[in-house]
Amino acid sequence: MKVLIVEDEQELLDLMLRYMKREGYVCEHATTFREGYKKINNHEYDCAIVDLNLPGGDGLKLIEILRKEMSNTATIIISARNTVNDRINGLEVGADDYLTKPFNLSELNARIKAILRRKTNQMSNELVFGNLQIDLDKRSVVANQTTLKLTKKEFDILVYLARNKNRVVTKDSIAEYLWGDYMDDAFSYDFIYAHVKNLRKKLVQNDCGDYLKTVYGVGYKFISN
């Protein structure tokens, strides 16, 4: 799961990043309105956590932009503003939740999961392509009635490509999706190549068909009729 945190208070930001990475989230961050604006215009996120008081602008405007550009992105406001009007304004512009500072990180985590569960229930929690079934809740993949043993990265790549079916997905975007701001930790795209190769092999070995196509020099495409 990919999360964007827009927060200018460095100590709180560091605490949130450390906690959420331990919880298994892929995290990106911004500390100003301008940085946050660039992030949401260039990347996609499962959840955005946004402070209201940002250098260079109001976090409410970022929420409005998120709602227009990425309607399925879960959004949570974190703010020291705690009046009823502040909370109402935040929810009216499109935020899914409003958490007043100071807050417990475990509560933030619980709220993220609750929002994503609601959004998942509104959409399908299963992706089905012929004899390939991907269960997003259970993080399981069944190919031709056989449950595949996938690594975490293999599963994440398959879901990312499947959600972008019939579109060319670049290696850059896959690396950014898997590692976020820490994509430099992936020393080369050989890692992605190896994961896709293993994933394709597991699908083909179970007579599921070759859904994954290589677009040489660019990236990959999930083919679905």
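Summary table below
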quantity: Qualifying residue in segment 203-213 (condition: over 27 Å from Lys39 (Cα atoms), among the polar types (S, T, N, Q), modelled with pLDDT of 85 or more and not in a loop (DSSP other than H, G, I, E, B)); calculated: yes
quantity: Identity of the residue in segment 31-48, β-branched (Val, Ile, Thr) and surrounded by 15 or more Cβ atoms within 10 Å (Cβ to Cβ), that ends up farthest from the chain's Cα centre (by Cα); calculated: Thr31
quantity: Count of segment 64-90 residues which are of a type in the set (A, V, I, L, M) and more than 15 Å from Val3 (Cβ to Cβ); calculated: 4
quantity: Whichever residue in segment 153-199 is basic (Lys, Arg) and more than 14 Å from the chain's Cα centre (by Cα) and, among such residues, is modelled with the highest pLDDT; calculated: Lys197
quantity: Test: Ala143 is closer than 30 Å to Glu11 by Cα and of a type outside the set (Asp, Glu); calculated: no
quantity: Hey, Lys21 exposed (fewer than 15 other Cβ atoms within 10 Å of the Cβ), farther than 30 Å from Lys138 by Cβ, among the basic types (Lys, Arg) and within 21 Å of the chain's Cα centre (by Cα) or not; calculated: no
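Residues are listed down the side, and each one gets a yes or a no for (1) without any contact (Cβ under 8 Å) to a residue 24 or more places away in the chain; (2) more than 24 Å from the chain's Cα centre (by Cα); (3) surrounded by fewer than 22 Cβ atoms within 10 Å (Cβ to Cβ):
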site	(1), (2), (3)
Val50	no, no, no
Gly56	no, yes, yes
Glu64	no, no, yes
Arg67	no, no, yes
Ile77	no, no, no
Ala80	no, yes, yes
Asn85	yes, yes, yes
Gly94	no, no, yes
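The values are calculated or read from the model by the stated rules, or taken from the named source; none is laboratory data. Note that the coordinates shown come from a computational prediction; the quantities given were computed from them, not determined experimentally. Cβ coordinates were reconstructed from backbone atoms using ideal geometry, including for glycine residues, and neighbour counts include every protein chain displayed.
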